[in-house]
Amino acid sequence: MEDNKKEIDTEKPLNNEDIEQIQQPPPPSPTSTITNYKKRVYSVLHDDENKEQPKKRVILSYHDGDQSNLVTVEDPDNKEKSFIINKKYIQEDGSILSKQQYKKKIEEFNKQKKIDNRQSRKQKKRAETHKKNDEEGNITKQILGETTFHYKDNLRHIEPYQYTFKVFAKERWFGQSILDMFSQEFSTNSRDVYLKKIKRGLIKVNDQLVSPSYKIKLNDTIIHTVHRHEPPVTGETIKIVSLDDNVVVVDKPSSIPVHPCGRFRHNSLMYILASEHGINQLYGVHRLDRLTSGLLLLARTPDSANKKANQIQSGSVSKQYLAKVIGKFPTCSKESLNEQIKQCKILDDGTIIVDQPIVIQSMRLGINHVGVGGKPSITHIKLFSYDESTNTSIVLCTPKTGRTHQIRVHLKWLGFPISNDPLYNNEFKESFKALTSDGKTSYIFDEDDDYSNNNEKDGKINNNNNNNNNNNNNNNSSQKITSKVTKEEENYIDDGVSPIHCNDCSIVWSDSTQFSFGIYLHALSYSSSDWSYKTDLPSWAKPSNETKLETEIKPETTTTDTITSTNQI
């Protein structure tokens, strides 16, 4: 019998195989209170309070009958220390969690359940949206009828319109009054404005009127109706490069975002194509910055979108861009080179290979830089032409990876920034200021929706200037929150007719000295083994009398140093 015993390694959890091979524990002693049980097994008890022996061998007696959900835990060395637990503390491997571990497990389970429920809601909403898109097109006539547009001074203007944002309550809002939350999170408007909006029903919760002191809770949907202004975009014609049953290829002018983002909705490329060209139900293949012009591929079916997106992500698509930079870009290794270019490999044809990792500098503003520990990033850069009168060069850029702002970051690192880049050209920054989408002075204007918390996603509340409050509010759900709503505010009676102040109505959106309408970066061509698309040179890249052409643009085949990525240039 002694040979059949198996020693338990209490340093690791006990699994079912161990339990089966362990010698059956002896029956309870005659004096034991354990009388009605269906089985007895050895197990391991986790004890957080016992530092010397955090795991201990014990005997489990599973109760029978009415108490079948209970188990008696017995210490073989000291039977006086037996106690009863619920079966829920016993894990699949047969071991027993301490109360602290069980509490932690439940917390993790509830957290994951919350994440899964949120994901399930998103998937359900996405499925409903896809179904509606398939039936009506993703931009319906009803949506296009929200407002009108007109052209003036070569800009496309959108008439201000009423728009309702909806968003699930964020965890940091839980416990706050609706008036306090809006006043703190979206501080571009005064508290009085939000009070009037609540009283007038322009701010609701779960589509119901609420008082200013209403406490936000889990699963609440916040609804906010605003007087929405969209900045104008260029009035340049969107050229259709190619159109068939599977794909639409356009030459996107700068200043126009591809998808609705930030303050842009009807002035996005998707909406303009639907409104002015009757081209609807499109699917994204790759992305292009709002301020960048040039070639953009849009699929007309999900299958076509997946196929072309997979080709781009796998590195089997060659991409060529043109950029206008300050100074004369070097053409060979014999020229006077700066320290950055000396770190690069230079090919016989003058192509400089920049192999420098890119680090996120500001997630909120979408600013990146070259730095240790960043994502691998490779760009081939070659001089196309040089204009001595302006001391500017047009360079041909072939990105081998797709990091955010990769070409712009690598050109800055080389010492040749894009001449009118408000993010990466320090000299241009100092001479040019723009307003951000929330009207505050900055060097950028609504640069990109994925990297700025100051922007609105389509159909969601604009999270204006709330980053300073995030750290203070992250733990609100676990702390007692004192409402700042006064009796006067709670009892305030709105006349329902006096105009509510709109900050955006006073902004001159078409002022080109205040807003950036594009940079000198142009997507020229995209090509794979079975398809190829190319667009025209932008006006700023066309040679003048003073321009000296240095190279001919030829499609470049993909190379083995391609690294896949899904981000944009």
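The values are calculated or read from the model by the stated rules, or taken from the named source; none is laboratory data. Not measured: the values here are computed from a predicted model. When we count neighbours, we look across all protein chains shown, and the Cβ atoms used for this are built from the backbone with ideal geometry, even at glycine. With ligands, DNA and RNA removed, areas are computed over all heavy atoms of the protein, side chains included. Shrake-Rupley method; radii C 1.70, N 1.55, O 1.52, S 1.80 Å.
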*Taking residue 222 as the residue in question, decide whether it is in a strand (DSSP E or B), under 30 Å from residue 114 (Cα atoms) and of a type in the set (A, V, I, L, M, F, W, C).*
yes
- Item | Residue check, residue 251 open to solvent by 10 Å² or more (accessible area, probe 1.4 Å) and without any contact (Cβ under 8 Å) to a residue 60 or more places away in the chain | no
If we keep only residues of the range 406-431 that are in a loop (DSSP other than H, G, I, E, B) and small (Gly, Ala, Ser), then the residue surrounded by the most Cβ atoms within 10 Å (Cβ to Cβ) is 419
Would you mind stating whether residue 128 is loosely packed, with under 10 Cβ neighbours inside 10 Å and out of contact with any strand residue (DSSP E or B) (no Cβ under 9 Å at 6 or more places or on another chain)?
no
Report task. Determine if the range 367-379 includes at least one residue that is under 27 Å from residue 261 (Cβ atoms), of a type in the set (Ser, Thr, Tyr), in contact with a strand residue (DSSP E or B) (Cβ under 7 Å, 6 or more places away or on another chain) and part of a loop (DSSP other than H, G, I, E, B). Result -> yes
Checked the range 380-405 for anything closer than 23 Å to residue 540 by Cα and in a loop (DSSP other than H, G, I, E, B); matches are 388, 389, 390, 391, 405
Pairs returned, first residue in the range 186-206 that is touching a residue at least 40 places away in the same chain (Cβ under 8 Å) and farther than 12 Å from residue 493 by Cα, second residue that is part of a strand (DSSP E or B) and open to solvent by 10 Å² or more (accessible area, probe 1.4 Å), beta-carbon separation under 9 angstrom, 6 or more apart or interchain, are 186/224; 202/164; 202/223; 202/224; 202/225; 202/226
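Please go through the range 198-212 and give me each residue that is closer than 15 Å to residue 180 by Cβ and either open to solvent by less than 20 Å² (accessible area, probe 1.4 Å) or modelled with pLDDT under 95 (or both), ordered by number.
If we filter the range 198-212 for residues that are closer than 15 Å to residue 180 by Cβ, which is where we start, we get 198, 203, 205, 210-212.
Across the range 198-212, the qualifying residues are 198, 203, 205, 212.
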For residue 547, the lone unmet condition from (1) open to solvent by less than 80 Å² (accessible area, probe 1.4 Å); (2) modelled with pLDDT under 85; (3) β-branched (Val, Ile, Thr); (4) under 29 Å from the mean Cα position of the chain (by Cα) is (4)
Given (1) open to solvent by less than 40 Å² (accessible area, probe 1.4 Å); (2) modelled with pLDDT under 95; (3) within 28 Å of the chain's Cα centre (by Cα), residue 218 misses just (1)
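Report, by residue number, each residue of the range 358-381 that is open to solvent by 40 Å² or more (accessible area, probe 1.4 Å) and within 20 Å of residue 397 (Cα to Cα).
Those that are open to solvent by 40 Å² or more (accessible area, probe 1.4 Å) and within 20 Å of residue 397 (Cα to Cα): 369, 375, 376.
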For residue 5, the lone unmet condition from (1) under 29 Å from residue 104 (Cβ atoms); (2) modelled with pLDDT under 70 is (1)
Checking 275, 211, 254, 187 in turn, the sole residue that is part of a helix (DSSP H, G or I) and either touching a Ser or Thr at 6+ places or on another chain (Cβ under 6 Å) or of a type in the set (S, T, N, Q) (or both) turns out to be 275
The condition from (1) surrounded by 18 or more Cβ atoms within 10 Å (Cβ to Cβ); (2) farther than 24 Å from residue 401 by Cα; (3) not aromatic (Phe, Trp, Tyr) that residue 276 misses is numbered (1)
Of the conditions (1) modelled with pLDDT under 95; (2) aromatic (Phe, Trp, Tyr); (3) within 23 Å of residue 329 (Cβ to Cβ), the single one that residue 520 does not satisfy is (1)
Scanning the range 298-350 residue by residue, the ones that are modelled with pLDDT of 90 or more, surrounded by 17 or more Cβ atoms within 10 Å (Cβ to Cβ), closer than 26 Å to residue 411 by Cβ and hydroxyl-bearing (Ser, Thr, Tyr) total 2
Note: among 204, 166, just one is assigned to a strand (DSSP E or B) and under 23 Å from the mean Cα position of the chain (by Cα), namely 166
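Kindly indicate the residue of the range 71-125 that is aliphatic (A, V, I, L, M) and in contact with a Phe, Trp or Tyr (Cβ under 7 Å, 6 or more places away or on another chain) and also most open to solvent (accessible area, probe 1.4 Å) among those meeting that condition. It would help to see each step written out before you state the result.
The initial filter retains those residues of the range 71-125 that are aliphatic (A, V, I, L, M), namely 71, 73, 84-85, 90, 96-97, 106, 115.
Adding the requirement that they be in contact with a Phe, Trp or Tyr (Cβ under 7 Å, 6 or more places away or on another chain) leaves 71, 73, 96-97.
Numbers: 71: 0, 73: 2, 96: 3, 97: 31 Å².
Residue satisfying both the conditions and the ranking: 97.
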Listed by first then second residue, the pairs whose first member lies in the range 162-184 and is touching a residue at least 60 places away in the same chain (Cβ under 8 Å), whose partner is crowded, with 18+ Cβ neighbours inside 10 Å and among the polar types (S, T, N, Q), with beta carbons under 6 Å and at least 6 positions apart or on separate chains, are 172/473; 172/476; 175/476
Open item on the list: Whether any residue in the range 286-298 is under 29 Å from residue 394 (Cβ atoms) and part of a helix (DSSP H, G or I) is what I want to check.
Closed with: no
